[in-house]
1. Report the full-extension gain for the segment Glu383 to Arg31: residue separation times 0.36 nm, less the Cα-Cα distance, to one decimal in nm.
2. With everything on Cα atoms, drop me the angle between helix 128-141 and the longest principal axis of the chain, reported from 0 to 90° to the nearest 10.
3. Using a basic spin-label model with each label point 7 Å from the Cα along Cα→Cβ, how many nm lie between Val108 and Thr416?
4. Taking 0.36 nm per residue of separation and subtracting the Cα-Cα distance, what length does fully extending Asp161 through Glu65 add?
5. Give me the one-decimal Kirkwood hydrodynamic radius in Å for segment 299-357, with the sum taken over alpha-carbon pairs.
6. To the nearest 500 deg cm²/dmol, what mean residue ellipticity at 222 nm is calculated for the chain from DSSP H runs of n ≥ 4 alone, each contributing -39,500 (n - 2.57), summed and divided by the residues?
7. Which is the longest part of the chain that has none of the GluC sites (Glu not before Pro) sitting in a DSSP loop with at most 16 other Cβ atoms within 10 Å?
8. Provide, as a two-decimal number, the C-alpha radius of gyration of the chain over 2.2 N^0.38 Å, N being how many residues it has.
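Each reported figure results from applying straightforward, stated rules to the coordinates on display, with no laboratory input. The structure displayed is predicted, hence computed values, not measured ones. No Cβ is skipped: glycine too gets one built from the backbone with ideal geometry, and neighbour counts run over all protein chains shown.
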Amino acid sequence: MKNDSTELQNDVRLLMETHGVSFETGFLAERPLRWLPKDVGQVPQTTEFEHLDAMAYSLEQAISERKVAESIERLEVPCWSFEDLSWTVVHRLMLIYAMYTHAYFREVYPYRNVSALMQDQSAKILPAQLAVPLWRASQRTGMEPTMSYGLYALWNYYRKDPGKPVSLDNIELIHSFTGTLDERWFVWIHQAVEVAFAPAIPELLKACLLSRVCDPDSSMLSLKQLDENVIVEEMIRCLEHAAKAARDAVAVLKRMREHCDYGTYFNRVRLFFAFPNSVVFGGVEELGGKPQQKLGETGGQTPFMHFQLAAAGIDHDDDPYFPRMRGYMSQPFRDLIEFVKQTSQIRSFVLERRRHERLVQAYNALIQAIPLDWRLTHMRLVEDFIGRFGEGHGTGKPPLDWLSALHKKAASYLITL
């Protein structure tokens with residue numbers, strides 16, 4: 001299927017380019033900005049950019065000296081438009097404002113854990129100096145106006161050696177809250193997971209398109225002329241390659257304990273990821289002073305998990321938390337996931353051919369890797385890093401037993417021969 005394969009590859013490439021997904025790093029930004037541009041052409045804006053960069057690189061010191069709120073008081077509410085800025089600049093700006101927002105709340109509301117945070121429903125004001133630009137940036141990116149996984153992990157790193165691939169040996173955070181190895185390793189693991197999973201993305205997109213070969217509305221007319229066995233073999237290849245990448249991602253996650261101490265994470269790092277309840281975004285007229293209920297930063301917001309589940313046909317949209325996680329992704333990623341949700345007929349393709357043992361095994365291997373093995377590994381990590389301290393909520397706010405419910409439902413999608 002040489003010519004047909006080329007057509008499929010071109011369609012996959014177009015989908016990835018349109019939605020900002022990298023063949024090299026997947027949903028992880030290939031090269032996030034470390035500095036804001038100094039040639040924006042407007043003196044006030046250039047001066048503010050320099051000040052914001054300086055603030056970002058002194059965040060750890062401001063936190064240690066408890067001067068975050070003081071630093072914010074010296075900020076101006078920006079008068080420039082986010083619509084005129086490039087995608088990379090908007091993400092760097094949003095990262096800075098979001099990290100300062102979370103550092104501000106950690107300083108002003110020093111909760112002992114997320115459960116205590118959950119119990120406090122009193123209104124809390126986010127100063128306009130942070131609220132207004134964070135809100136404007138969120139309107140541009142499509143991400144909720146908090147420090148989401150989509151900012152803190154996907155746009156917050158650089159390669160130690162710019163000429164080498166991203167790996168645990170060649171990655172460093174641009175900004176952190178504590179400067180500890182524990183915090184940096186925690187994020188590096190997530191970033192390395194994204195890179196490990198990256199090869200699965202084009203394979204699953206190709207599988208999605210292949211799965212529609214018998215669909216009368218499919219645009220893949222040339223595929224309809226192919227022999228059934230050829231299509232099945234190509235589907236198996238796609239699923240097997242995707243499952244291999246998914247297993248590699250799980251293997252990376254299992255390394256979390258190597259340089260991240262349970263106590264350091266829980267007592268020094270974790271609460272910077274949390275976001276209080278009932279936050280009023282000062283100066284944001286569109287919200288009319290209404291308190292907002294947002295989730296904290298959590299790995300559940302990673303696009304790759306939602307992407308794979310959508311491709312495999314596993315639906316968690318009736319869950320009280322899982323669909324909300326997609327609001328913390330950039331709009332292009334959400335659009336791609338929605339496209340896959342609407343397009344993928346992989347599960348139906350396999351069920352209709354369940355007599356084909358290798359095809360069913362390839363599909364089940366994909367389910368086994370991420371929804372099952374990943375969840376089990378994640379649940380064990382959650383128990384060690386959170387549950388052992390008597391905490392009942394995940395960093396993003398869901399109760400800890402939420403993960404086991406997702407795991408149980410995913411297991412029901414395995415196909416028996």
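1. Values: separation 352, 0.36 × 352 = 126.72 nm, distance 3.36 nm.
Using 0.36 nm per residue and subtracting the Cα-Cα distance, I get 123.4 nm.
2. Compared with the principal axis, the helix lies near 20 degrees.
3. So the two model labels end up 5.6 nm from each other.
4. Details: separation 96, 0.36 × 96 = 34.56 nm, distance 3.24 nm.
Gain on stretching Asp161 to Glu65: 31.3 nm.
5. For segment 299-357, inverting the mean 1/r across all distinct Cα pairs yields 12.2 Å.
6. It comes out at -15500 deg cm²/dmol, rounded to the nearest 500.
7. 77-351
8. 1.02
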